[in-house]
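See below for the structure under consideration.
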Amino acid sequence: MRQRIIDNLPRAAGNSDALAPVRREQFLVYLMGPYRTFDVDALLPAGADVETDAPSFATWDETSGEYAEDEVLRLLQETRDCLRDRGFNAFLAIDVGIPLDEMDAATQSIAFAKASNATVFIAPQVGDNLGVGIEIGSVLEDMLSTAGMQGPAADATPPTRARRVMVATEPAVRSAMLGAVHARWDASVRTFTDAADCCRLCAQFCTHIQNEELYGSLDRLD
């Protein structure tokens, strides 16, 4: 999947333009956010109730949300472009152009996260706040499912890969899933105030991961 992502990004895909080459082509940064809807029912365990079991952040409500759909997509694209200007091979799912009839959205997210050096979930305050919280849990459970993660959060030992994941949120976003990111997976949760601040946080995180690969204890993926 890593090589497929790298090969596809310089090509136009649907509504996504071809992306220009970057200095660190092998350093993949997957950016995910609520820029399209997801099948929440498909991501919940069997027998779960969407009304009571779904974490509360991120599907669209264009009448009440601070952002409309196109504004959130613009935030993700601006963050992607800002990171690419700094040399990181950042991408959105839509940039890769894998048809949904080949691989559904949730499975794509899991595959992209596993293939990437760093994964950032960007969660601005939007409307009813639903689907992406489910997807964060889905991706983290799949990526980080190890023997050490069995049992309650207090007894869990997250794998090293958890250090490659960051959630960037606006201060107003609240969710049980955000608490679980810390308590269960020990991944980083940071807050941002605007697009420039979001890019700064993401760039700092990517630089940290890159340094950990070069000089620390994280394996290089290239």
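The values are calculated or read from the model by the stated rules, or taken from the named source; none is laboratory data. Everything quoted here is computed from the prediction, not taken from an experiment. In this analysis, Cβ positions are derived from the backbone assuming ideal geometry, glycine residues included, and neighbour counts consider all displayed protein chains. Protein only, heavy atoms only, side chains kept; ligands, DNA and RNA dropped before computing areas. Shrake-Rupley method; radii C 1.70, N 1.55, O 1.52, S 1.80 Å.
Has segment 158-168 got at least one residue that is of a type in the set (Ser, Thr, Tyr), crowded, with 20+ Cβ neighbours inside 10 Å and either outside any loop (DSSP other than H, G, I, E, B) or at pLDDT 90 or above (or both)?
No.
With the requirement that a residue be modelled with pLDDT of 65 or more, open to solvent by less than 30 Å² (accessible area, probe 1.4 Å), farther than 16 Å from Tyr30 by Cα and not in a helix (DSSP H, G or I), what does segment 176-205 give you?
Phe192
Look at segment 206-222 and say how many of its residues are touching a strand residue (DSSP E or B) at 6+ places or on another chain (Cβ under 8 Å), in a helix (DSSP H, G or I) and over 18 Å from Val120 (Cα atoms).
Of the residues in that region, 0 qualify.
Cβ-Cβ distance below 7 Å, separation of 6 or more or different chains: which pairs start in segment 206-220 with a residue that is under 19 Å from Arg190 (Cα atoms) and end on one that is assigned to a helix (DSSP H, G or I) and modelled with pLDDT of 95 or more?
Note: pairs meeting the criteria are Cys206/Leu83.
Condition (residue is of a type outside the set (Asp, Glu), modelled with pLDDT under 85 and open to solvent by 40 Å² or more (accessible area, probe 1.4 Å)) applied to segment 96-108: is it met by at least one residue?
Scanning segment 96-108 turns up at least one residue that is of a type outside the set (Asp, Glu), modelled with pLDDT under 85 and open to solvent by 40 Å² or more (accessible area, probe 1.4 Å).
Tell me which of these Ala111 doesn't satisfy, since it passes every other one: (1) modelled with pLDDT under 95; (2) more than 14 Å from the chain's Cα centre (by Cα).
(2) is the only condition that Ala111 fails.
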